[in-house]
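Presented below is the structure to which this report refers.
Read the figures in this text as sums done on the coordinates, not as results from a lab. Remember, it's a predicted structure, so these values are computed and weren't measured experimentally. Cβ placement follows ideal geometry from the backbone for every residue including glycine, while neighbour counts extend to all protein chains displayed.
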Amino acid sequence: MKAVEIFERSVKVMKEILPPGEMIASIKRAKTRTEEENLALLTKERENVNELVRQIANSEYRTIPQSVSQELIDSLVLRYLKNRDTFMKTFPDGIDDIETDDPLLLWGAMLISPQDVNPFK
């Protein structure tokens, strides 16, 4: 599968999961924080993001519940953008052996924290 296809599918999933405008608002909030503050937020919310990704990837729900904190949403968006950028640099041509066309699973795989072996367990 071409990298651009994986990218487009992950963007589509993010648009389904987040309420309208939430990603833009999250990015704006990230820009008001320093790089260190964003990194600290990612570290603090790492396990919560993993759990949220697990729940969404396992289709327990397709949107982020209203009970999810703004910090967790911001961490999800930060990790998504960071990991998506890393993925596109690491696999600029895509990956030939992807065995799924499920955009939700592609999105979940893209959101695996580098600190975690497999957050889907």
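The table that follows gives values for the structure above.
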read-out	value
Whole-Hz couplings from phi, Karplus 6.51/-1.76/1.60, listed for the stretch 42-52; x for Gly and Pro	4, 5, 4, 9, 3, 5, 5, 5, 4, 5, 4
Proximal aspartates and glutamates to residue 31, defined as alpha-carbon separation beneath 12 angstrom and excluding residues fewer than eight positions away on the same chain	74
Contour excess over end-to-end distance, with Cα ends at residue 54 and residue 90 and 0.36 nm allotted per residue	10.6 nm
Reachable aspartates and glutamates, given that their alpha-carbon falls under 16 Å from the alpha-carbon of residue 2 and they are not under 8 places away in the same chain	85, 93, 96, 97, 99, 101, 102
Loop-located GluC sites (Glu not before Pro) in the stretch 3-108, at most 10 other Cβ atoms within 10 Å (DSSP)	60, 99
Cubic angstrom per residue, convex hull over Cα atoms of the chain	108
Label point 7 Å beyond Cα of residue 35 along Cβ direction - residues of the stretch 45-86 with amide nitrogen under 19 Å	75, 78-86
